[in-house]
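In what follows, a structure is listed as structure tokens, so that the remarks can point back to it.
The values are calculated or read from the model by the stated rules, or taken from the named source; none is laboratory data. Predicted model only: the values in this text are computed from it and were never measured. Heads up, the Cβs are rebuilt from the backbone with ideal geometry, glycines too, and the neighbour counts pull from every protein chain shown.
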Amino acid sequence: MGSGTLIGGNRAIWEAYDLINNPGYSAPEFIADPSNRVPVNYKEIKPESVTSYELGYKALIAKKLLLDAYVYTAEYENFIGRRDVVQFYDSEDPTAYRGISVVVNSDAQVKTFGWGLSLDWRLPSNFAVNGNISSDQIQDVPDNFRSSFNSPKLRTLLGLSNSGFGPRNLFGFNLNWRWQDKVDFEGDFASGHLNPIHVVDLALMYKLPEIRSQLKLGANNLFNQYYTNAIGNPSIGGLYYLAFTYNLQ
């Protein structure tokens, strides 16, 4: 993979790359004083396990407002991730080294926690407002350890819709605004910073009750604001569509 190699955690693989007898060093420290280098020695990979707790609440208030909330926490034993190491393969040539990404268990207990809240409020004249906000975070990840926990700290959605207005309530619409926080993305092939995402979705509907059908003209990412959801992935722009749905109930 470019200038580095991705390998798993099986001992036979480490032996094939001579990482048992000639271990690698954590990548950020490989150019430091050799006397300060700390090797990454082989340890048998153990299965990852997690203990989690979640508390949730859901209620319908006055038959108009639906409330849904939750909070959770989780603690991982033997959390599995990657470390990038540099292996020197010629003792007489300090520039003779190669980069290897190895699978390892975390020595520390890694913790995750998060919460979410959503509301759905039915208004007069077939209008409705909905929204949600959620968060997912990780902590106690060891230094020089890649967890690949690629979740934004915050994400939100706010929507306004109408299921029927105009003559005979044949028209409808659905408008949503989606936002998510920046992400410090970690991947096997590339890592980097993902910018916050702001996206507006819009759909206009027209009912055809005589044939139990509906026409829909819509756009995902209405304003064509290009964004990426992973380092190395292609950019995502607007998607515009015309749909016909038959046999509506």
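Taking the criterion of being in contact with a strand residue (DSSP E or B) (Cβ under 7 Å, 6 or more places away or on another chain) and either free of Cβ contacts under 8 Å to residues at least 12 places away in the same chain or of a type in the set (Val, Ile, Thr) (or both), the residues of the stretch 143-183 that qualify are THR156, VAL183.
Each row is one residue, and each column tells you yes or no for (1) closer than 22 Å to VAL129 by Cα; (2) of a type in the set (Val, Ile, Thr); (3) touching a Phe, Trp or Tyr at 6+ places or on another chain (Cβ under 9 Å).
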{"site": "VAL183", "(1), (2), (3)": "no, yes, no"}
{"site": "LYS216", "(1), (2), (3)": "yes, no, yes"}
{"site": "TYR226", "(1), (2), (3)": "no, no, no"}
{"site": "ILE236", "(1), (2), (3)": "no, yes, yes"}
{"site": "TYR241", "(1), (2), (3)": "no, no, no"}
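Within the stretch 86-102, the residues that satisfy the criterion of being of a type in the set (D, E, K, R) and in a loop (DSSP other than H, G, I, E, B) are ASP90, GLU92, ASP93.
Residue-wise test of (1) at pLDDT below 95; (2) surrounded by 15 or more Cβ atoms within 10 Å (Cβ to Cβ); (3) of a type in the set (Phe, Trp, Tyr).
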site	(1), (2), (3)
SER26	yes, yes, no
ASP33	yes, no, no
VAL38	yes, no, no
SER49	no, no, no
LEU55	no, no, no
ALA59	no, no, no
LEU67	no, no, no
TYR89	yes, no, yes
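Among the residues of the stretch 133-153, just one is under 15 Å from the mean Cα position of the chain (by Cα) and aromatic (Phe, Trp, Tyr), namely PHE149.
Close contacts from the stretch 131-142, counting a first residue that is of a type in the set (A, V, I, L, M, F, W, C) and a second that is outside any strand (DSSP E or B), with Cβ to Cβ under 7 Å and a gap of 6+ residues or different chains, come to ILE133/LEU154; ILE138/SER147; ILE138/PHE149; VAL141/SER147. Considering SER161, SER135, the condition of being assigned to a strand (DSSP E or B) and closer than 30 Å to VAL104 by Cα is satisfied by SER135 alone. Residues of the stretch 83-118 that are more than 25 Å from the chain's Cα centre (by Cα) and charged (D, E, K, R): ASP90, GLU92, ASP93, ARG98. Taking the stretch 185-215 as the range and being at pLDDT 95 or above and of a type in the set (Asp, Glu) as the test, only ASP201 passes. Quick one: in the stretch 69-87, which of the residues that are at pLDDT 90 or above and polar (S, T, N, Q) is surrounded by the most Cβ atoms within 10 Å (Cβ to Cβ)? The extreme case among them is ASN78.
A single entry from PHE127, PHE185 fulfils the requirement of being within 14 Å of the chain's Cα centre (by Cα) and among the aromatic types (Phe, Trp, Tyr): PHE185.
Listed here are the residues, each with its yes/no results for (1) surrounded by fewer than 16 Cβ atoms within 10 Å (Cβ to Cβ); (2) among the basic types (Lys, Arg); (3) in contact with a Leu (Cβ under 7 Å, 6 or more places away or on another chain); (4) modelled with pLDDT of 95 or more.
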{"position": "LYS64", "(1), (2), (3), (4)": "yes, yes, no, yes"}
{"position": "PRO94", "(1), (2), (3), (4)": "yes, no, no, no"}
{"position": "GLY99", "(1), (2), (3), (4)": "no, no, no, no"}
{"position": "ASP107", "(1), (2), (3), (4)": "yes, no, no, no"}
{"position": "PHE113", "(1), (2), (3), (4)": "no, no, no, yes"}
{"position": "GLY116", "(1), (2), (3), (4)": "no, no, no, yes"}
{"position": "VAL129", "(1), (2), (3), (4)": "yes, no, yes, yes"}
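When the stretch 209-240 is filtered for residues that are closer than 24 Å to GLY172 by Cα, touching a residue at least 24 places away in the same chain (Cβ under 8 Å), assigned to a strand (DSSP E or B) and of a type outside the set (S, T, N, Q), the ones remaining, listed by number, are LEU215, LYS216, LEU217, GLY218. Only residues that are assigned to a loop (DSSP other than H, G, I, E, B) and either of a type in the set (A, V, I, L, M, F, W, C) or surrounded by 15 or more Cβ atoms within 10 Å (Cβ to Cβ) (or both) were counted across the stretch 166-208, and they come to 7.
In summary, GLY232 fulfils each of the numbered conditions (1) farther than 18 Å from TRP179 by Cβ; (2) more than 23 Å from the chain's Cα centre (by Cα) with the single exception of condition (2).
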